[in-house]
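Heads up, the thing below is written out as structure tokens.
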Amino acid sequence: MMIVKRVSSRLFKTLPIAAAVFSALANGAKIEVTPSVGMRVTHTDNVELAKTSKENATIGSLYAAVKASVDGNGGSLNLNYRGTRAMYSHDSDRNSYFNSLQFKANKRLNNSGFSMSAEATVDNVARSRRRDANDDILTGDTVTNRRASTRLMYDNGGRGYVSLGADAGATIRDASDDEGNSYGYNAGINLGQGTRVENYFWSLNYDYQKDEARGGSRNNQSHKISGDSGLAQVYGFAPTVNYFWEKYEEKGFDDEEDRDRTFGRVGPGLRYYIDRKSFVELNYNFVVEGEGNDSWGGKAELNPSRNTKISANYSKRVFGNAYDVSVRHKSKRLTNTIRYSEELSSFERDFFVEDEIIEDYSLRKVLDWTSALKMRRSTVSLSLTSTRRERNDANGLPLNDDSYGATVSYSRSITRTTQFSSSFQYSKYQFEDSQQQKQNDYYRRFSLAMSHSFLQSLSLSYGYQFSNRSSNEDDFGYEENRAYINLNKSF
């Protein structure tokens with residue numbers, strides 16, 4: 001286990017460096033690097049987030065950060081790293097060091113059609129969403145969650161009669177409490193009509209994903225084949241054929257047999273083209289493998305204007321009814337984005353609860369709605385989220401975990417060097433246990449902040465934050481008030 005941790009640590013350290021090298025070597029690259037250092041003093045009236053017997057504390061934080069971007073000949077890189085040392089006045093044993101990282105890089109390999117990409121993230125997530133969903137590094141019970149991935153891709157650009165795309169990649173997941181530590185491997189191939197084909201369309205896609213536990217025998221893999229074909233019209237009706245097949249396998253159990261689920265369907269459809277890029281389709285699907293009845297389905301791709309795009313799909317999958325919706329509208333001042341998706345996943349650490357079997361597949365239904373209104377000197381944004389996770393406990397009993405959230409934020413430039421911001425965040429979590437008992441948690445957070453810039457490289461900010469949690473579990477409620485002042489120097 002120690003060897004695995006050392007290898008993982010080295011990978012996370014060397015991956016950004018390697019990707020930075022191949023991006024920075026691009027001729028004519030534009031490189032921007034902004035390092036910074038700073039210190040923050042935070043005073044809280046409830047550092048342990050206790051319901052009773054609250055304890056005051058002052059937390060001193062020293063941090064160093066770097067932001068970098070490289071944009072050049074066929075390559076780009078974005079890096080945002082911050083390391084924070086937190087020191088507590090009431091208990092020096094709590095002194096800790098925290099890392100955060102967002103990293104993305106990609107490089108096109110000349111004109112070969114091949115390209116490479118790499119991503120890495122380090123963040124801090126709640127150890128258990130049921131115990132406390134607070135992700136705050138200063139007062140929350142968090143764990144460090146690390147993830148790195150790399151991909152090799154090929155795309156022929158759709159030239160000729162056949163469009164060909166393919167990719168292969170690998171992922172490593174690592175959490176400081178070892179929950180969800182795993183390796184992932186994926187590959188895919190996408191075929192379709194090329195640019196020289198105008199009167200018909202077709203597609204055939206295959207995706208493979210494998211995830212295996214580090215230090216254990218559990219592993220999962222999935223296969224997915226999808227596609228459609230039909231006549232391409234400028235407007236009017238056209239016949240289509242849709243086909244879909246998927247298989248999910250769970251292996252490596254200590255005391256039970258391997259599990260698998262398979263589903264396949266095929267059927268005709270009728271598509272109506274509003275124009276070359278917009279259509280609605282109704283189809284009927286016959287189940288050819290797996291459980292379920294023959295059923296109707298539908299899809300739509302709408303582009304009512306250059307600034308608006310809508311796509312929607314309804315079908316049957318291995319887990320039953322499946323919906324997928326995407327709406328995006330952007331004008332000069334207003335941006336609206338709505339996204340709803342349903343997908344099976346495993347080894348995911350961000351929604352972990354104590355009794356979860358993290359290696360098992362669970363179904364996630366996720367809705368995100370974000371709106372932002374930009375005015376001359378101010379910005380107002382609204383974010384609505386909803387997540388339902390459907391999983392089974394150790395005895396196969398179905399359980400649901402739900403979260404709902406809403407965030408309203410406002411920022412205003414009072415002068416060229418002074419900014420004001422405020423936000424209110426509301427979250428609700430509902431968890432089921434094996435005895436069908438439900439735990440309901442409610443989180444509220446309100447914050448105010450001011451920031452001042454001096455000499456373009458020195459800034460001072462200060463603010464206030466109120467946090468509240470209520471729950472039907474008596475011991476889980478708390479309130480916290482905190483104030484902070486932060487001094488930052490960039491170079």
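The values are calculated or read from the model by the stated rules, or taken from the named source; none is laboratory data. Please read all numbers here as calculations on a predicted model, not as lab measurements. Cβ placement follows ideal geometry from the backbone for every residue including glycine, while neighbour counts extend to all protein chains displayed.
Quick check: is even one residue across the stretch 380-395 modelled with pLDDT of 95 or more, over 29 Å from GLY180 (Cα atoms) and out of contact with any Leu (no Cβ under 7 Å at 6 or more places or on another chain)?
Among the residues of the stretch 380-395, at least one is modelled with pLDDT of 95 or more, over 29 Å from GLY180 (Cα atoms) and out of contact with any Leu (no Cβ under 7 Å at 6 or more places or on another chain), which makes the answer yes.
Does TYR478 satisfy being over 21 Å from ASP401 (Cβ atoms), surrounded by 14 or more Cβ atoms within 10 Å (Cβ to Cβ) and in contact (Cβ under 8 Å) with a residue 60 or more places away in the chain? Steps first, answer last, please.
On the way: over 21 Å from ASP401 (Cβ atoms): yes; surrounded by 14 or more Cβ atoms within 10 Å (Cβ to Cβ): yes; in contact (Cβ under 8 Å) with a residue 60 or more places away in the chain: yes.
Judged against the criteria, TYR478 is a match.
Just one of (1) on the phi > 0 side of the Ramachandran plot; (2) touching an Asp or Glu at 6+ places or on another chain (Cβ under 6 Å) trips up GLY290, so point out which.
(2)
For GLU55, which of the numbered conditions (1) among the charged types (D, E, K, R); (2) within 30 Å of the chain's Cα centre (by Cα); (3) not in a strand (DSSP E or B) fails to hold?
The number of the failed condition is (2).
Taking into account only those residues within the stretch 282-308 that are surrounded by fewer than 16 Cβ atoms within 10 Å (Cβ to Cβ) and among the acidic types (Asp, Glu), which is farthest from ASP228 (Cα to Cα)?
Of everything passing the filter in the stretch 282-308, GLU291 is farthest from ASP228 (Cα to Cα).
Given the options PHE352, PHE279, name the one that is of a type in the set (Phe, Trp, Tyr), surrounded by 15 or more Cβ atoms within 10 Å (Cβ to Cβ) and closer than 30 Å to THR144 by Cβ.
Values: PHE279 fails: closer than 30 Å to THR144 by Cβ.
Selected residue: PHE352, the only one of PHE352, PHE279 that is of a type in the set (Phe, Trp, Tyr), surrounded by 15 or more Cβ atoms within 10 Å (Cβ to Cβ) and closer than 30 Å to THR144 by Cβ.
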